[in-house]
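Report on the following structure.
The values are calculated or read from the model by the stated rules, or taken from the named source; none is laboratory data. Please read these numbers as outputs of a predicted model, since none were measured by experiment. Positions of Cβ are generated from backbone atoms using ideal geometry, with glycine treated the same way; all protein chains shown enter the neighbour counts.
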Amino acid sequence: MFKKILIANRGEIACRVIKTAKKLGIATVAVYSEADRDALHVELADEKVLLGPAPSRESYLVADKIIAAAKATGAEAIHPGYGFLSENEAFAKRVEDEGLVFIGPKHHSIAAMGDKIASKKLAQEAKVNTIPGWNEAIETPEQAVKIAKDIGYPVMIKASAGGGGKGLRVAFNDKEAFEGFRSCRNEARNSFGDDRVFIEKFVESPRHIEIQVLGDAHGNVVYLHERECSIQRRHQKVIEEAPSPFISDETRQAMGAQAVALAKAVKYQSAGTVEFVVGKDQSFYFLEMNTRLQVEHPVTECITGLDLVELMIRVAAGEALPFTQEQIPRQGWALECRINAEDPFRNFLPSTGRLVTFRPPAATMEAAQAQPEGGGVRVDTGVYEGGEIPMFYDSMIAKLIVHGRDRLDAIAKMREALNAFVIRGISSNVPFQSALLAHPKFVDGDFNTGFIAEHYGRGFSAADVAHDDPLFLVALAAFVRRKARERAMGISGQIAGHGATSLPDLVVVVLKPDGAHEYHAVHIDQFDATAGKADVVIGERHFAIQSESKLGEVLMLGTCNGKAFTAQVERGGEKRPLAIRVAHNGSAIQTLVLLPRAAELMKLMPHKAPPDLSKFLLSPMPGLLADISVQPGQKVLAGEKLAVIEAMKMENILTATQDGTVKEVLAKKGESLAVDQPIVSFA
């Protein structure tokens, strides 16, 4: 077994590998960029080596620096994690040539299967069903358009070295094929150092189901069941689960057997994933093979009880697999939600900055440790409270994993875990995840890869995550306000005969984003400060609330009418210090809880309309202004490209919403932009 390994990655996956290495008694070396100087994986490792500046191409993608770091620290092996150089054939070979061990497949397997063009050819030779397409690298956007028309729209334009949703576009016409080809090449070049692009037919209404395989140097290959990965946004997985709620045992075994045969054909060693697109009739077609550990590997670990990182390390050290196909269990149901630094209410644009608050739900399961009976909650992350989320890397900041008895139990556990996930300082996709989990079709398992596009095609708004009982949120706000008043009375000096009274009648004013207000008369009865309970009456509804959570704590745990709940309640805010914000099941309201007379007077207050910003192009996210396509005096048409912003390894093209004339360009190419910073003004 190795005594020391280097992890050629960052963030969550680097921390994940370190956990298993510590369990095995293996020392670890972290590499990091200048942007990651204070990152969690750097703190957890036994040693650390600075690679260079923040951009990946100057740090995490520089093989020479990584190998030099391994040699300088005496590391015997390198674990690449996922992304970056994990599927780079040249890097794997270089590691081997330098006398080090690559904790992953051999370079010849990566060459055969990691390259999507080569893997498709190999699959065809092995008589595996493949999707129609053009398997040679395409050189120009004009050639891409011609090929796309010959195949027939819609088509999928994919970078050969792509992964994680990078370097991938779906085109439904010539214009989208032309622009999609150029964007794919640019993203692939920046993210993977390989700009080859190919095209294949896009199968509409597909399921994306993948098989986890594991092979060793002794010719043994097994599959560890499947993962359902059909809930995707812009081809980036959002929710993964194991097993799939769709396929039958017969289909599962057929897909597993095919995946194993494919892996054996290239003498595959280590963990890998064979991905399939599955039709409504459960017919399936080989899509690609990822010759690395997958982001979603924890759900497989949950249902099998296996540590995939440990198995990768043991296989790389020459050990044989310790089990046969028949000995691999499948227990319970697991779900994983990717928690991303993005704003779902602003079209999922990246959100960078400082994590003012980062408090995941209490974990009852840990990576690299035995799972408790009955399942639980696991959090894999590479960030911490007070840390910085840089704009140079992927937007994922954590993975929230639950394991339940069955699928409905897992969904219930996940919803409660999301309620308990407190993130402040940046925006996150937690409300969106809550909405997906509550959607009736998701609960029924009735979905495909077009699910998000179908149900949230116009974006995501607060209306998409409406609470099933909005008055419950109102009742919580009133309960907390009454509790705060009781505490204030208890600690302030009271003159006999002139003390403040705890009036039982309040009005909860729900502050709407558009300036409208809702007024709810509330009566609080049977308040018991010692027991932390009260009967909150709104109209004819009674909410018997009990909670011992302290004021000032964001997380509020308790029961309402005997049913347990987890909510987030905060007092104060930048613009309204007396406001109370309540969030539960992805839905949130901002309130003022007033005495009845104060509420009457508030109705007389005028509403100030927000300023008109329609004559400005504003940066929708923090990022780098990569390009400005217009100049003062230029006339532009609706839909015309104005600027390009790079953030978290993605190109974001900003277009004109209407016809107009450019008055002034307010930002320079290469400038780092803040959210809502003006870029262009219009006459």
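Values for this structure:
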{"read-out": "Any hit, the stretch 554-572, residues being of a type outside the set (A, V, I, L, M, F, W, C) and more than 25 Å from residue 524 (Cβ to Cβ)", "value": "no"}
{"read-out": "Single residue of the stretch 127-150 satisfying the filter (part of a loop (DSSP other than H, G, I, E, B) and in contact with a Lys or Arg (Cβ under 7 Å, 6 or more places away or on another chain)) that is modelled with the highest pLDDT", "value": "137"}
{"read-out": "Pair list, Cβ under 7 Å, 6 or more apart: the stretch 177-203 residue under 15 Å from residue 161 (Cβ atoms), other residue aromatic (Phe, Trp, Tyr) and in a strand (DSSP E or B)", "value": "198/134"}
{"read-out": "Filter result for residue 188 (under 26 Å from the mean Cα position of the chain (by Cα), more than 30 Å from residue 442 (Cβ to Cβ) and crowded, with 20+ Cβ neighbours inside 10 Å)", "value": "yes"}
{"read-out": "Pairs where the first residue, in the stretch 546-570, is more than 16 Å from residue 589 (Cβ to Cβ) and the second is among the acidic types (Asp, Glu) and surrounded by fewer than 13 Cβ atoms within 10 Å (Cβ to Cβ), C-beta under 8 Å, 6+ apart", "value": "557/548; 558/548"}
{"read-out": "Qualifying positions in the stretch 668-683 - surrounded by fewer than 18 Cβ atoms within 10 Å (Cβ to Cβ) and either farther than 12 Å from residue 616 by Cβ or of a type in the set (Gly, Ala, Ser) (or both)", "value": "668, 669, 670, 671, 672, 674, 681, 683"}
{"read-out": "Residues located in the stretch 228-251, provided they are touching a Phe, Trp or Tyr at 6+ places or on another chain (Cβ under 9 Å) and assigned to a helix (DSSP H, G or I)", "value": "251"}
{"read-out": "Total residues in the stretch 71-87, condition assigned to a helix (DSSP H, G or I) and either closer than 20 Å to residue 310 by Cα or not aliphatic (A, V, I, L, M) (or both)", "value": "2"}
{"read-out": "Matching residues, the stretch 421-473, being among the β-branched types (Val, Ile, Thr) and either buried (at least 20 other Cβ atoms within 10 Å of the Cβ) or within 13 Å of residue 239 (Cβ to Cβ) (or both)", "value": "423, 426, 430, 443, 449, 452, 465"}
{"read-out": "When residues of the stretch 103-118 are limited to those that are closer than 29 Å to residue 2 by Cβ and not aliphatic (A, V, I, L, M), the one modelled with the lowest pLDDT", "value": "114"}
{"read-out": "Condition check for residue 319: surrounded by fewer than 23 Cβ atoms within 10 Å (Cβ to Cβ) and outside any strand (DSSP E or B)", "value": "yes"}
{"read-out": "The stretch 252-272: number of residues that are surrounded by fewer than 23 Cβ atoms within 10 Å (Cβ to Cβ) and either assigned to a strand (DSSP E or B) or not β-branched (Val, Ile, Thr) (or both)", "value": "10"}
{"read-out": "Close pairs from the stretch 18-40: first touching a residue at least 60 places away in the same chain (Cβ under 8 Å) and assigned by TED's automatic domain parsing to the domain that holds residue 80, partner among the polar types (S, T, N, Q) and crowded, with 21+ Cβ neighbours inside 10 Å, Cβ under 6 Å, at least 6 apart", "value": "21/28; 33/59"}
{"read-out": "Qualifying residue in the stretch 595-606 (condition: free of Cβ contacts under 8 Å to residues at least 60 places away in the same chain and farther than 30 Å from residue 475 by Cβ)", "value": "no"}
{"read-out": "Among the candidates 257, 261, residue that is farther than 29 Å from residue 343 by Cα and touching a residue at least 60 places away in the same chain (Cβ under 8 Å)", "value": "261"}
